[in-house]
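In what follows, a structure is listed as structure tokens, so that the remarks can point back to it.
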Amino acid sequence: MSSASIVTVLSARPDSLEAARWAAWLSQHTGLPLDVVHAYPRDAAVTSDLTSRVGRESRERARAERWLAAALDECPALPYDLHLVVEEGALEEVVGAHLHEGGVLVSGSHGPAGLVSWGCRIRHCPVVLVPPSRGADERSVDGPDPHAWLATTGVPA
């Protein structure tokens, strides 16, 4: 069984929400599972206190669930198999644990440039960059925004 999946990074940015919608559409049409990843930075002040860590993790999960609900609320396609991942750590590390060769990384076009480069070079995965939405009235119900870019190493777009 293949471990390939679609991985998208989730934040409150409009392009991130649009990327989650695009990834949901791709998941439905390819039958690949969708891992929606929200990574939050380590906080040295919180690491020693377990109660504080649990509270922070709970708050971050609640934020990610609100963002995901907002993204999928306007999405014409539900993902084939959805997993919300909320973890403390560097974005590349958290995404790296879920992005495997044969998978696809979907990111907002204003997302971390290092992550895009890392997905292409290190994991050898296609990376789709999705721009912010032009507005709900301009979105197609037939599929994702056709203006998404495919950024890959050695493969013409």
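Are there any pairs with C-beta distances below 9 angstrom linking a residue in region 2-20 that is farther than 9 Å from G108 by Cβ to a residue that is of a type in the set (K, R), with the two at least 6 apart or on different chains, and if so which?
Sorted first by the residue in region 2-20, then by its partner, the pairs are A12/R63; A12/R66.
Find the residue count for region 19-62, including only residues that are at pLDDT 90 or above, in a helix (DSSP H, G or I) and either among the charged types (D, E, K, R) or under 18 Å from G89 (Cα atoms) (or both).
So the count comes out to 7.
Could you run through region 64-87 and say how many residues are in contact (Cβ under 8 Å) with a residue 40 or more places away in the chain, part of a helix (DSSP H, G or I) and of a type outside the set (F, W, Y)? Don't jump to the end; show me each part of the working.
At the first step, the residues of region 64-87 found to be in contact (Cβ under 8 Å) with a residue 40 or more places away in the chain are 64, 67-68, 70-72, 74-87.
Next, from what is left, pick out any that are part of a helix (DSSP H, G or I): 64, 67-68, 70-72.
When the remaining residues are screened for being of a type outside the set (F, W, Y), the result is 64, 68, 70-72.
The total comes to 5.
Among the residues of region 96-113, what is the count of those that are in contact with a Lys or Arg (Cβ under 9 Å, 6 or more places away or on another chain), over 19 Å from P132 (Cβ atoms) and hydrophobic (A, V, I, L, M, F, W, C)?
As a first pass, look at region 96-113 and keep what is in contact with a Lys or Arg (Cβ under 9 Å, 6 or more places away or on another chain): 96, 99-101, 103, 105, 108, 110-111.
Remaining after also requiring over 19 Å from P132 (Cβ atoms): 96, 99-101, 103.
Now narrow it down to the ones that are hydrophobic (A, V, I, L, M, F, W, C): 99.
Number satisfying all stated conditions: 1.
Could you say whether any residue in region 134-157 is at pLDDT 70 or above, assigned to a loop (DSSP other than H, G, I, E, B) and surrounded by 14 or more Cβ atoms within 10 Å (Cβ to Cβ)?
Restricting attention to region 134-157, the residues satisfying the condition of being at pLDDT 70 or above are none.
Scanning region 134-157, I find no residue that is at pLDDT 70 or above, assigned to a loop (DSSP other than H, G, I, E, B) and surrounded by 14 or more Cβ atoms within 10 Å (Cβ to Cβ), so the answer is no.
Per-residue answers, yes or no, for (1) out of contact with any Asp or Glu (no Cβ under 7 Å at 6 or more places or on another chain); (2) within 20 Å of H29 (Cα to Cα); (3) modelled with pLDDT under 85:
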| position | (1), (2), (3) |
| --- | --- |
| A64 | yes, no, no |
| L72 | yes, yes, no |
| L82 | yes, yes, no |
| G96 | yes, no, yes |
| L99 | yes, yes, yes |
| P132 | no, no, yes |
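Restricting attention to region 97-111, which residues are surrounded by fewer than 23 Cβ atoms within 10 Å (Cβ to Cβ) and closer than 15 Å to H38 by Cβ?
Within region 97-111, A97, H98, G111 qualify.
The values are calculated or read from the model by the stated rules, or taken from the named source; none is laboratory data. Note that the coordinates shown come from a computational prediction; the quantities given were computed from them, not determined experimentally. Positions of Cβ are backbone-derived with ideal geometry, glycine not excepted, and every protein chain shown enters the neighbour counts.
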